[in-house]
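Everything below concerns the one structure shown next.
The values are calculated or read from the model by the stated rules, or taken from the named source; none is laboratory data. All values reported here derive from a predicted model rather than from experimental measurement. When we count neighbours, we look across all protein chains shown, and the Cβ atoms used for this are built from the backbone with ideal geometry, even at glycine. Heavy atoms of the whole protein, side chains included, go into the accessibility calculation; ligands, DNA and RNA do not. Shrake-Rupley method; radii C 1.70, N 1.55, O 1.52, S 1.80 Å.
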Amino acid sequence: MLKSTNQPLSEAYSLALLDLDGVVYRGKNPVEHAAKNIRKAESLGMTVEYTTNNSSRLQAVVADQLKGFDLDVEPWQVITSSVVAARMVARAVPEGSKVFVLGAQHLREEVAKQGLEVVDSAEAQPVAAIQGWYPDMSWNEMAQIAYAVEHGATYFVTNRDLTIPRELGIAPGCGSMIMAVINATGVEPVSSAGKPESAMYDEARILAAHDDGEPVDKEQCLAIGDRLDTDIEAGNRGGYDSLAVLTGVTDPRELMFAPAYLRPTYIVKDLRGLNEPAPEVVHDEGAWLCRDAKARVDGDRLYVTDITSVDGLRAACCAMWAAADSGRDVSSVIVPEFRIS
């Protein structure tokens, strides 16, 4: 079930592991209330790191974009899947090995920094191949990595996001491109650097180490994101508490039907909730209550007294999750359509 706090989340946790797409911005456009509340959290003593599955942009470029939203961000605070992926490959192959890299300049540079030789052709006989995402990816590049994988190169990927929020809507993400290579070769990647794997969160808390060099304790880290199948699942896999926001991909219906491994620790509408206490949700006489909102599953229907508030959604999620955890098949339960104001 959802947790509660007596103090604002930004004071209850010392490190925010903050997703970008759908949380801080959508493409080039800022998400409403995000920057102001990130600044407020930092003023309360919270350290913020930005963890993104996007492998196409340099850390400094992302930091500059965030500075354009009036945020004070250093490049080290941006943890991309390219950074994590390059280190992952370097641990798996001998130094100086040839690695086919399909991705943006950022990924190529990170792989080269690890003492590996970046190649662009399957004919170079790379021992490993790593696939990221960037908007100018061509069919020929896709074919080359497929050939490399077919010929035995160990296959790594930066992330498996099927979609990515952009200015005009939802577009195909890295995972969609990866599926094309899997379909062509029949080979699954051996590892992914991006969420829902927790490696990115682990890397982030190392970079935010205390003065004594010790990583920030997991119990003091809060993973924040808009996607249950990446941001929240990564938190659950790695043992991190998590905060789901409703400013990106995930909607109330998806939250209500979420299986245990995709359930967040907290739910908020947007990042204003980062600087507020998380209210308690309690079970009482067959119903779940969150302040003035009440929800219960009765027969084949979920009843909620307030479908315009996050409190109503919190109560509704706990009611549905409890029903599912009791062994009931909730897939046919009729749930209301939330219109959170």
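The set of residues in the stretch 302-341 that are open to solvent by 30 Å² or more (accessible area, probe 1.4 Å), of a type in the set (D, E, K, R) and under 27 Å from the mean Cα position of the chain (by Cα) comprises ASP325, GLU337, ARG339.
Take the conditions (1) modelled with pLDDT of 95 or more; (2) over 19 Å from the mean Cα position of the chain (by Cα); (3) open to solvent by 10 Å² or more (accessible area, probe 1.4 Å); ARG91 misses just one of them, which is (1). A search for C-beta distances below 8 Å between a residue of the stretch 108-129 that is over 17 Å from ALA153 (Cα atoms) and any residue that is open to solvent by 10 Å² or more (accessible area, probe 1.4 Å) and part of a loop (DSSP other than H, G, I, E, B), counting only pairs 6+ apart in sequence or on different chains, returns GLU109/LEU58; GLY115/GLU95; GLY115/GLY96.
For the stretch 183-220, the candidate set comprises residues that are under 20 Å from ASN140 (Cα atoms) and surrounded by 16 or more Cβ atoms within 10 Å (Cβ to Cβ); within that set, the residue that is farthest from the chain's Cα centre (by Cα) is THR185.
Might you let me know whether the stretch 115-138 holds any residue that is open to solvent by 40 Å² or more (accessible area, probe 1.4 Å), part of a strand (DSSP E or B) and either of a type outside the set (Val, Ile, Thr) or within 30 Å of ASP226 (Cα to Cα) (or both)? Yes, that holds for at least one residue.
Of the residues making up the stretch 291-341, just one is of a type in the set (Asp, Glu), touching a strand residue (DSSP E or B) at 6+ places or on another chain (Cβ under 8 Å) and in a helix (DSSP H, G or I), namely ASP311.
Listed here are the residues, each with its yes/no results for (1) in contact with a helix residue (DSSP H, G or I) (Cβ under 6 Å, 6 or more places away or on another chain); (2) open to solvent by less than 10 Å² (accessible area, probe 1.4 Å); (3) of a type in the set (Gly, Ala, Ser).
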residue	(1), (2), (3)
ALA16	no, yes, yes
LEU20	no, yes, no
TYR25	no, yes, no
ASN29	no, no, no
GLU32	no, no, no
ARG39	no, no, no
LEU44	yes, no, no
THR47	no, no, no
SER56	no, no, yes
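Within the stretch 139-178, the only residue that satisfies the criterion of being of a type outside the set (D, E, K, R), under 17 Å from SER82 (Cβ atoms) and open to solvent by 30 Å² or more (accessible area, probe 1.4 Å) is MET177. Condition (residue is of a type outside the set (A, V, I, L, M, F, W, C), out of contact with any strand residue (DSSP E or B) (no Cβ under 8 Å at 6 or more places or on another chain) and free of Cβ contacts under 8 Å to residues at least 40 places away in the same chain) applied to the stretch 267-276: is it met by at least one residue? Within the stretch 267-276, none of the residues are of a type outside the set (A, V, I, L, M, F, W, C), out of contact with any strand residue (DSSP E or B) (no Cβ under 8 Å at 6 or more places or on another chain) and free of Cβ contacts under 8 Å to residues at least 40 places away in the same chain.
In a residue-by-residue description of the stretch 63-85, the property of being open to solvent by 20 Å² or more (accessible area, probe 1.4 Å) and in contact with a Ser or Thr (Cβ under 9 Å, 6 or more places away or on another chain) applies to no position.
For the stretch 94-112, which positions are part of a helix (DSSP H, G or I) and either exposed (fewer than 14 other Cβ atoms within 10 Å of the Cβ) or not aliphatic (A, V, I, L, M) (or both)?
Listed by number, the residues that qualify are GLN105, HIS106, ARG108, GLU109, GLU110.
Given (1) touching a helix residue (DSSP H, G or I) at 6+ places or on another chain (Cβ under 7 Å); (2) closer than 26 Å to ASP21 by Cβ, where does THR265 come up short, assuming only one miss? That leaves (1) as the condition not met.
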